[in-house]
Amino acid sequence: MHIRGDHAELVVGGRLDVRNAADARTVLHSALDAGRGDLVLDLTELDSWDATGLGVIMGAHRRAGRTGRRLVLRGVPDRMQRVLVATRLHRILAFEDGAQPGPPAPLAAGDRAR
């Protein structure tokens, strides 16, 4: 996992999982404590996350609220958007430009498995 950026925007790449959750939490909390306004978390380079990694994101979301800031997600990969929708966390988290992930589009009649 790698995180680069500052107190206004961070780019997270690689895997966000139990092995690096403590480091990620420290970086996110430091960025939240040091700045003002929205903290944009760019996830376009993120390969995967596990439940612990998702917990880090949710913890940062809560901390942002306590510090009078807002955590805003950008570039959430499709497979991770599906997790957010399945867990209904897409209703809680903020997304850049207000574009929230939604349920997958229904299959056309000819595309359904038989």
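Quote the convex hull volume per residue of the chain, based on C-alpha atoms, as a whole number of Å³.
Spread over its residues, the Cα hull of the chain gives 110 Å³ apiece.
With the Cα gyration tensor of region 5-51 giving a ≥ b ≥ c as the square roots of its eigenvalues, does the rule (a/c under 1.5 for rounded; else a/b larger than b/c for prolate; else oblate) give rounded, prolate or oblate?
Because a/c hits 1.5 or more and a/b fails to exceed b/c, region 5-51 counts as oblate.
How much area per residue is accessible in the chain when the probe is 1.4 Å and only protein heavy atoms are counted (Å²)?
Ligands and nucleic acids excluded, the figure is 58 Å² per residue.
At a 1.4 Å probe, what is the % contribution of carbon and sulfur to the accessible area of the chain?
C and S atoms contribute 50 percent here.
The values are calculated or read from the model by the stated rules, or taken from the named source; none is laboratory data. Since the model is a prediction, treat every value here as computed from it, not as a measurement. Note: accessible area is taken over every heavy atom of the protein model, side chains too, but ligands, DNA and RNA are not part of it. Shrake-Rupley method; radii C 1.70, N 1.55, O 1.52, S 1.80 Å.
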